[in-house]
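The values are calculated or read from the model by the stated rules, or taken from the named source; none is laboratory data. Please read these numbers as outputs of a predicted model, since none were measured by experiment. Reconstructed Cβ throughout: ideal geometry from the backbone, glycine too, with neighbour counts over all protein chains shown.
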Amino acid sequence: VNALEPAATSRANPGAGVPAAIVCRYAPTPSGDLHLGNMAAAVSAWLFTRAHAGRFLIRVDDLDRLREAPGAAARILQDLARFGLDWDGPVVFQSARVGEYRAALDRLIADGRAYPCFCSRTDIRKAIEAQGGRLPGDNEEAVYPGTCRAIPPDEAWARGRTAPHAVRFRAVGRVAFDDLFAGAVTQDLEAEAGDFVLWRRDGVPAYHLATAVDEIALGITHIVRGADLLPSTPRQIALIEALGGTAPTYGHLPVIRGDDGLKLSKRDGSLSVRTALSSGRTVEDLVGDIAFRTGLTATAAPTTVRTLLEGVRQAPST
Ligand SMILES: [Zn+2]
């Protein structure tokens with residue numbers, strides 16, 4: 001099965017394939033060098049876009065300056081180019097777009113879709129315990145128990161003039177969409193995601209808000225990325241729609257796995273693209289490995305992204 005064929009779309013909408021003018025993006029976070037899992041996502045998104053003669057954009061998600069590694073953005077762009085991935089137009093840096101995110105936040109507040117939250121992390125844990133709810137794991141975001149939801153808006157915003165607060169999205173209803181690779185996805189937004197943060201207490205726009213604003217502003221039609229981002233996609237769709245945009249078509253690829261069956265991550269320093277290259281493997285070796293692990297080829301024989309693109313273009317359309 002060719003993972004890059006949009007089978008689900010064809011099923012959901014017979015006769016209508018991917019539109020001619022597609023716009024796709026790869027959005028790295030400059031917290032360190034790309035690892036093989038990141039590169040696999042980039043290669044997959046690029047192949048999908050180029051196979052459909054679309055525009056491929058690069059957006060650097062550099063809002064969290066505390067997590068940013070100096071020079072990482074430039075190194076990531078070098079690595080993408082070294083693998084043969086090209087992109088259209090200038091690279092977009094989220095740090096230059098904070099004013100856009102603020103304007104979007106103000107619209108959501110004016111529409112009654114957002115409210116200030118004065119809870120600390122401890123307050124949230126205590127409220128969840130008091131409600132008998134499930135506490136989140138270490139790397140999980142808690143489903144917000146709704147403590148500040150009921151404060152009358154006038155009172156809440158008056159208090160917010162002096163009290164430190166985050167701003168949360170008022171989550172309502174269910175979100176359903178057809179994923180190109182994962183099939184039909186539905187989420188009860190209120191129960192499963194809860195009222196999530198749009199603007200952090202430390203003054204930084206939250207990831208989901210910035211992403212939603214940018215998908216609209218950049219005219220993104222398709223997003224191909226790792227399945228690890230699938231659970232947060234309904235939040236982004238809800239936000240895009242609340243901001244008056246049309247959600248793109250999503251395709252979440254199975255997360256690339258290492259030989260040991262563990263998900264590759266930045267903690268596996270030996271698996272960063274640069275470390276792999278400095279240990280004697282070539283770009284072609286790594287592209288071959290990525291193609292095999294993502295199910296694009298039957299073997300891990302060395303290859304190039306151009307060769308893979310020719311293969312995808314010649315594959316019979318389903
Ligand atoms: Zn709160």
(request) Provide a single number: the residues in the range 64-83 that are surrounded by fewer than 15 Cβ atoms within 10 Å (Cβ to Cβ) and either of a type in the set (G, A, S) or touching a strand residue (DSSP E or B) at 6+ places or on another chain (Cβ under 8 Å) (or both). (result) 4
(message) I'd like the residue in the range 160-176 that is more than 16 Å from the ligand (Cβ to nearest atom) and either buried (at least 20 other Cβ atoms within 10 Å of the Cβ) or of a type in the set (D, E, K, R) (or both) and, out of all such residues, is nearest to H222 (Cα to Cα).
(response) V175
(message) What are the pairs with Cβ atoms under 7 angstrom where one residue, in the range 130-158, is among the small types (G, A, S) and the other, located anywhere, is away from the ligand (no atom under 13 Å from the Cβ)? Sequence gap at least six, or different chains.
(response) A142/P136
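Within the range 193-206, take every residue that is part of a strand (DSSP E or B) and within 16 Å of the ligand (Cβ to nearest atom) and give me the one that is surrounded by the fewest Cβ atoms within 10 Å (Cβ to Cβ).
So in the range 193-206, the residues part of a strand (DSSP E or B) come out as 197-199, 205.
Right, trim to within 16 Å of the ligand (Cβ to nearest atom) and you get 197-199.
Details: V197: 20, L198: 26, W199: 23.
Only one residue fits best here, namely V197.
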(request) Determine if the range 131-148 includes at least one residue that is of a type in the set (D, E, K, R) and modelled with pLDDT of 95 or more. (result) no
(message) Please go through the range 98-120 and give me each residue that is in a helix (DSSP H, G or I) and either in contact (Cβ under 8 Å) with a residue 24 or more places away in the chain or within 12 Å of the ligand (Cβ to nearest atom) (or both), ordered by number.
(response) V98, E100, Y101, R102, A104, L105, R107, L108, I109
(message) Considering only residues that are out of contact with any Pro (no Cβ under 7 Å at 6 or more places or on another chain), of a type in the set (G, A, S) and more than 9 Å from the ligand (Cβ to nearest atom), which ones fall in the range 121-154?
(response) A130, G132, G137, A150
(request) Taking only the range 207-239 into account, find how many residues are within 18 Å of P28 (Cβ to Cβ) and not in a helix (DSSP H, G or I). (result) 7
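Looking for whichever is at pLDDT 95 or above, acidic (D, E) and surrounded by 18 or more Cβ atoms within 10 Å (Cβ to Cβ) here; the options are D111, D61, D86. Which one fits? Working first, answer last.
Values: D111 fails: surrounded by 18 or more Cβ atoms within 10 Å (Cβ to Cβ); D86 fails: surrounded by 18 or more Cβ atoms within 10 Å (Cβ to Cβ).
Residue meeting the stated conditions: D61.
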(request) Taking only the range 278-312 into account, find how many residues are surrounded by 12 or more Cβ atoms within 10 Å (Cβ to Cβ), assigned to a helix (DSSP H, G or I) and within 26 Å of the chain's Cα centre (by Cα). (result) 13
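Could you check how many residues of the range 92-113 are on the phi > 0 side of the Ramachandran plot and within 18 Å of the chain's Cα centre (by Cα)? Explain how you work it out, then say what you get.
First pass over the range 92-113, keeping only residues on the phi > 0 side of the Ramachandran plot: 112.
With the extra rule that they be within 18 Å of the chain's Cα centre (by Cα), the set shrinks to none.
Number of matching residues: 0.
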(request) Hey, can you tell me all the residues within the range 219-231 that are at pLDDT 95 or above and surrounded by fewer than 18 Cβ atoms within 10 Å (Cβ to Cβ)? (result) G219
(request) Among the residues of the range 232-257, write down those that are surrounded by fewer than 20 Cβ atoms within 10 Å (Cβ to Cβ) and without any contact (Cβ under 8 Å) to a residue 40 or more places away in the chain. (result) S232, E241, G244, G245, T246, R257
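Taking the condition away from the ligand (no atom under 12 Å from the Cβ), at pLDDT below 95, more than 22 Å from the chain's Cα centre (by Cα) and not in a helix (DSSP H, G or I), does L66 pass?
Answer is no for this residue.
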